[in-house]
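Heads up: the structure comes next, in structure tokens.
The values are calculated or read from the model by the stated rules, or taken from the named source; none is laboratory data. The structure displayed is predicted, hence computed values, not measured ones. A quick note on method: Cβ atoms are made from the backbone with ideal geometry, for glycine too, and the neighbour counts reach across all protein chains shown. For accessibility, only protein heavy atoms count, side chains too; no ligands or nucleic acids. Shrake-Rupley method; radii C 1.70, N 1.55, O 1.52, S 1.80 Å.
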Amino acid sequence: MGLFGRRSRRRGIPDDPALLAEAAANPGGSVAEIDTAYVDDPNGYVPPEAIRGAWLVDSGGKLTGEYQENPRHGVPQDDFGKLTDPDHWLGWLGDDPAAAVRNGIEESLRAQAADAVVEWVKILETPRFLTGGRPSENGRTLLVTRAALAAPFALSVRAAQHGRSVLLGVFSWAAVNLASPEPRRDRHWFDLNVGLDWADERLKERIYELDTAAGGPAER
């Protein structure tokens, strides 16, 4: 089977200097063909659907003429599997955690450009989660009083002034007063070009930043 679960087929070797140079730099490997309808910078993050296929390269760095098509090639789609697949309680995000996080990301972008439209979002790693609570009055259950997450993402966004951009970073969200008659408080952070470990360290501080927000201390 091939790189994409399919056997390769023969094609005429293209006379593309950039492709040939890439093959020379990857002896024994493969060179992907990127669909520029979905990605402007092939050297940045490329969603799997934006790969048309791959050329196989021989041990001497030459294209073999074997080409493997990518069955997933097409319009890039959202992927929130790494957010929703882990066995972690996300009830504080509502009935559809993926939609809630996507909306939060889009709100953050629209704060920078009012006409920003998110084309697709992919959560790249399992997010880091924080949850705090207190015992119920009967002592038999734990009431969740605050929660937060930091989710690493890749996304494509369009805006009239800037065109399309593919962005990488971490989206963080904290919420407090989850089991209190006091109004719930939420805050988002949208950090570009940072790692998950960096965002995780800040999350431990940010989940308590809302304690000093307007309206007095939050529920512990």
- So the FRET efficiency between Ala111 and Lys62, C-beta based with R0 = 41 Å and rounded to 0.05, is 0.25
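Counting helices only, and only those DSSP H runs with n ≥ 4, report the 222 nm mean residue ellipticity of the chain as the sum of -39,500 (n - 2.57) divided by its residues, in deg cm²/dmol to the nearest 500. Each step should come with its number before you reach the end.
On the way: 4 runs with 40 residues, N = 220.
For the chain, the value works out to -5500 deg cm²/dmol.
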- A 1.4 Å probe over the protein heavy atoms gives the range 1-154 a carbon and sulfur accessible-area percentage of 47 percent
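Within the range 92-171, report the trypsin sites (Lys or Arg not before Pro) that DSSP leaves as loop and that have at most 14 other Cβ atoms within 10 Å.
Values: sites: Arg102, Arg110, Lys122, Arg128, Arg140, Arg146, Arg158, Arg164; in loops: Arg140.
In loop regions of the range 92-171 (DSSP not H, G, I, E or B), the sparsely surrounded trypsin sites (Lys or Arg not before Pro) are Arg140.
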- Task: Give me the number: length gained by fully extending Asp191 to Leu124, i.e. 0.36 nm times residue separation minus the C-alpha to C-alpha distance, one decimal in nm.
- Result: 22.7 nm
- Query: Using the beta-carbon distance between Thr36 and Ala160 and R0 = 22 Å, what value does 1/(1 + (r/R0)^6) give for FRET efficiency, to the nearest 0.05?
  - Reply: 0.60
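Name the trypsin sites (Lys or Arg not before Pro) in the range 29-90 that are in a loop by DSSP and that have at most 15 other C-beta atoms within 10 Å, would you? Could you put the intermediate results ahead of the total?
Numbers: sites: Arg52, Lys62, Arg72, Lys82; in loops: Lys62, Arg72.
Of the trypsin sites (Lys or Arg not before Pro), the ones in loops of the range 29-90 whose Cβ has at most 15 other Cβ atoms within 10 Å are Lys62, Arg72.
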- Note on the structure: Relative to the chain, whose Cα atoms define the longest principal axis, helix 196-209 and its Cα axis are tilted in degrees, nearest 10, by 20 degrees
- Message: Taking the Cα centre as origin and putting +1 on Lys and Arg beta-carbons and -1 on Asp and Glu beta-carbons, what dipole magnitude results for the chain, to the nearest 20 debye?
- Response: 320 debye
- How big is the C-alpha Rg of the range 39-107 next to the rule-of-thumb value 2.2 N^0.38 Å, as a ratio? 1.66
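Tally Lys and Arg at +1 and Asp and Glu at -1 over the other residues with C-beta under 12 Å from the C-beta of Thr126: what net charge comes out? Show your work: numbers first, answer last.
On the way: positive: Lys82, Arg128; negative: Asp85, Asp87, Glu125, Asp200.
That works out to -2.
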- Item | aspartates and glutamates whose Cα lies under 12 Å from that of Lys82, excluding same-chain neighbours fewer than 8 positions away | Glu125
- Task: Measure nothing fancy, just the Cα-based angle from helix 97-110's long axis to the longest principal axis of the chain, in degrees from 0 to 90, nearest 10.
- Result: 80 degrees
- Item | Cα-based radius of gyration of the range 87-184 once divided by 2.2 N^0.38 Å, which approximates compact folds | 1.30
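Taking square-rooted eigenvalues a ≥ b ≥ c of the alpha carbon gyration tensor, is the range 90-138 rounded, prolate or oblate, where a/c under 1.5 means rounded and, failing that, a/b exceeding b/c means prolate? Please report the intermediate quantities before stating the final value.
Values: a/c = 2.88, a/b = 2.18, b/c = 1.32.
Note, shape of the range 90-138 comes out prolate.
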- Query: Could you name the aspartates and glutamates in cross-link range of Lys62, using Cα to Cα under 13 Å and dropping any fewer than eight places away on the same chain?
  - Reply: Asp15, Asp16, Glu22
